[in-house]
Amino acid sequence: MEYKMQLTDEQLAILNGSRGETMAKVLKTLVMYGDIFGAEKLVPVTHKEGHLVTSFGIALMKPLFSTMDKLIDAGLTTEGKFTVDPRPLEYENVKCNLLEKIGFHVMYKKQKDYEEQLKKVGLRNEKAFSCACYLDEVGNIPKEGDILSWAESSAVVYANSVLGARCNRNSGMIELFGLIAGYVPYFGLLTDEGRRAKWKVIVNTTKKPEAQILGSAIGMKVMEDVPYVYGLDKYLGNEINDDAISYLKDFGAATASNGAVGLYHIDGLTPEAKRLGDSLIEDDAQVYEITDEELERVYKSYPLMWKNKDAKPNLCFIGCPHLTYKQLSDWCDKIEAGLKATGRKKVAVRTIMTTPPDVKAKFMKDEKYGKLISMGVKIASICPLMYTNNPMTKGRAIITNSNKLRTYSVAKYLKDDDICDVICGKELN
Ligand code: F3S
């Protein structure tokens, strides 16, 4: 077979079966995938810990399970251990009624079997299920310049932008194949050229923009292009501290889901912008100005997908992507103040916050954990989107401050302050 990209002797030998038939197929898939995107070569993965997007065992995904079996039969594993997106279910903290449970049982029938398969090919451990794998507590943290084989759009955009690593927005299985082969095709966001900005975004607002609305506005405007954002360092500072991590995590997830952004640069803050400044911007870059009015226009454009548009919210998800320790702590203070204002002891709407298992384990030692629980909040580590995928849970009037969850489900997006008011029992105007 003719391949378009340049391959080394070692890679050609693998394609010819030097490491077995299954490994040859794994590499062939990567080469064919790279050829489609015009990749000139394969390059070694330098950050060996992967992050997989497919964490759920939906019974319909038979080709996935049989491919996993073939990898296992051939004794193939990833070189480093990998993390994976959150699990779909956690009945202890995310209670479901009988019908919903039946729905989930049918949908995620293969969950246990699939997790066994993941373990055999290189899953890190039981706590490895989170989309925010790059947080300190989870510790899957690439260095600047590292080449990755990850999927999960919110993690890829974070790794590229905030950590300065290099990764394309891979699809499920391609990231696993890259980890097993130890190579990924060289194109797009792996190249200097692919990391240049085609958009100059100027944030010109009177206050710090809501991360998820700003990300949504930029994502919808630039789609898959790279934006270079001016004016945010005024609000976030010039160092990546805990607040900046939380903000950029949520901002990036919104750019990646409301558009298809895989990398953004924040002037004066993110590593490449600090190092290379506006030399990263294409000469003919387009300009997008963000004002208070523009953010309000975008916010008002979100359609309400509830069956009963006048329903009272009965479930709230906060934490898509998974919350940082600082966010859990800040939400505790915010809800405490909100409940004080409404004179309530517990939240008025069932509220579930999601965070990585490792962050939860650490937070459980904090007195704010007990406080949040006593205010009626549940802390889980599931993916809220997978919960809302169930036809039985679709009828719920779910509110969220996640623009990703809003985009892919029928949940209604509310700003942080509004979410807090609603869950604390205050009527919105
Ligand atoms: Fe994470 Fe699931 Fe949201 S993977 S970003 S919690 S949709």
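Percent antiparallel among DSSP beta bridges with both residues in the chain, to the nearest 5?
Working: 3 of 35 bridges.
Around 10 percent antiparallel, to the nearest 5.
Got a number for carbon plus sulfur as a percent of the chain's accessible area, 1.4 Å probe? Don't skip to the answer; put the middle values down first.
Working: 9620 of 18520 Å².
Roughly 52 percent of what the probe reaches on the chain is carbon or sulfur.
Order R169, R396, most accessible first, counting only protein heavy atoms with a 1.4 angstrom probe. Mind dumping the intermediate values first?
Details: R169 90, R396 50 Å².
Descending order: R169, R396.
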**OP:** State to the nearest 20 debye the size of the charge dipole of the chain about its Cα centre, where the only charges are +1 on K and R beta carbons and -1 on D and E beta carbons.
**Re:** 1900
Original post:
Quick one: Cα centre-to-centre distance for region 347-390 and region 139-189, in angstrom?
Top reply: 28
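Report, please, the projected area of region 9-190 averaged over directions, based on the convex hull of its C-alpha atoms, in nm². Before the final figure, lay out each step's value.
Numbers: hull surface 43.2 nm².
The directionally averaged projection comes out at 10.8 nm².
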Original post:
Non-local amide H neighbours of Y183 (under 5 Å, H modeled in plane, Pro and chain starts lacking H): which ones?
Top reply: V45
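Rounded to the nearest whole Å², what accessible area per residue is found for the chain with the 1.4 Å probe? Kindly include the intermediate steps, with their values, before the conclusion.
Working: 18520 Å² over 429 residues.
With all protein chains present, the chain gives 43 Å² per residue.
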Subject >> Most positive-pole-ward Cα, A285, G103, G145, against dipole of the chain from beta carbon charges >> reply: G103
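Under Stokes-Einstein, with the Kirkwood radius over Cα pairs standing in for Rh, what whole-number D in µm²/s applies to region 155-197 at 10 °C and 1.306 mPa s?
145
The values are calculated or read from the model by the stated rules, or taken from the named source; none is laboratory data. Predicted model, so just to flag it, every value in this text is computed and none were measured. So basically every Cβ, Gly included, is an ideal-geometry build from the backbone, and we count neighbours across all protein chains shown. All accessible areas refer to the heavy atoms of the entire protein, side chains included, with ligands and DNA or RNA removed. Shrake-Rupley method; radii C 1.70, N 1.55, O 1.52, S 1.80 Å.
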